[in-house]
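Just below is one structure, and these are the notes that go with it.
Every number here is computed from the coordinates shown, using simple stated rules; none is lab data. Computed from a prediction, not measured in an experiment: that's the story for all the values here. Counting neighbours? That spans all protein chains shown, and the Cβs are built from the backbone with ideal geometry, glycine included.
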Amino acid sequence: MINRDELKDVLLTATREAGKIIKSNFNGIFKIDHKEGINNLVTEVDKLAEETIMAIIRGAYPGHSIIGEESGEFIKESEYQWIIDPIDGTVNFAHGIPLCCVSIGLLYQGSVTMGAVFNPVMDELFFAEKGKGATLNGEPIKVSSKNNFKTAFLVTGFPYKWPENTLEHPIKVFERMILEGLPIRRLGSAAIDLCWVACGRFDGFWEYNLSAWDVAAGYLIVLEAGGTITDFDGNIGTVFDKQTLATNGIIHKDMLGIIQKSGA
Ligand code: IPD
Ligand code: CA
Ligand code: CA
């Protein structure tokens, strides 16, 4: 097993370098393309940030597996797997909205052992290491203590492309939450959504159809901040699952109840 301080150092160096690239291009001029789905954007800054992160990780650990949103999977025979979202919140970034971040999770034997999410525009660096708690700019964070679901403050997101066989349910869940009169936000960055649950700004977050790079780091940050993450049936899963429900733990059952009533 590799020294954890070294791993942390590489993780944070890669995160900060990508953060510098994001920040220096924020509100700048850059080429924008779209991927599958006309509103699923990718900029040249996403690609540059990912290349930079990959080069740092490969330089330190050439034998590790890496999954990057923009460049795909590079699977090696290794117990370590890095999962990279070079910019989470690309649509925000492309429109000059400061809710965007780099997110890098490190898996060891299949479960997240370290994760970092950095929004360089707001200068907020979230970090967690398994068993050691979660921090925001070096200060310990924890989930909210909200126990009255009726006054919970929630956040969600929607896929760019509705999955064909589940056409309606993402909006049905949203509708039910709204009918409960709950205040809900849609920030446009799942990694930030998770971190904002972790530091207690939100009490809960749910989203359908996220990818591992959206959640890998935030997943551990929520858990280490004392939160709960399951699928919509209440099962504890992995960062590769397609349903994400993250809460302060206390309102988890209530949220599951609403999601399940909606037929999700
Ligand atoms: C997106 C954001 C958004 C979520 C989308 C993701 P991207 O990631 O996390 O909040 O709703 O499903 O694809 O494309 O900005 O990296
Ligand atoms: Ca993403
Ligand atoms: Ca992205």
Derived scalar couplings ³J(HN,Hα) [segment 61-74; Karplus, 6.51 cos²θ - 1.76 cosθ + 1.60; whole Hz; x for Gly, Pro]: 9, x, x, 7, 6, 9, 10, x, 4, 8, 10, x, 9, 10
Protection-proxy order for peptides 146-155, 39-48, 115-124, each taking the mean of Cβ atoms within 10 Å per residue, highest first: 115-124, 39-48, 146-155
Principal-axis tilt of helix 4-25 within the chain, Cα atoms, nearest 10 degrees: 80
Span per principal axis, largest first, for the Cα atoms of the chain (Å): 50, 40, 34
For peptides 63-76, 86-99, sequence by mean Cβ density within 10 Å, most packed first: 86-99, 63-76
Zero-based 10 Å bins, Cα pair distances in segment 13-151, whole percents: 12, 38, 32, 15, 3
Dimensions in Å of segment 113-182 - Rg and Dmax from alpha carbons: 16.9, 43
Descending semi-axes in Å of segment 130-264, equivalent ellipsoid built from Cα gyration tensor: 22, 17, 13
Length-normalised contact order for the chain - Cα pairs under 8 Å, 6+ apart - percent: 17
Computed [θ] at 222 nm, deg cm²/dmol, the chain (DSSP H ≥ 4; -39,500 (n - 2.57); rounded to nearest 500): -10500 deg cm²/dmol
Exceeding the 30 Å Cα-Cα cut-off - candidates K146/K261; K35/K132; K31/K161; K23/K253: K35/K132; K23/K253
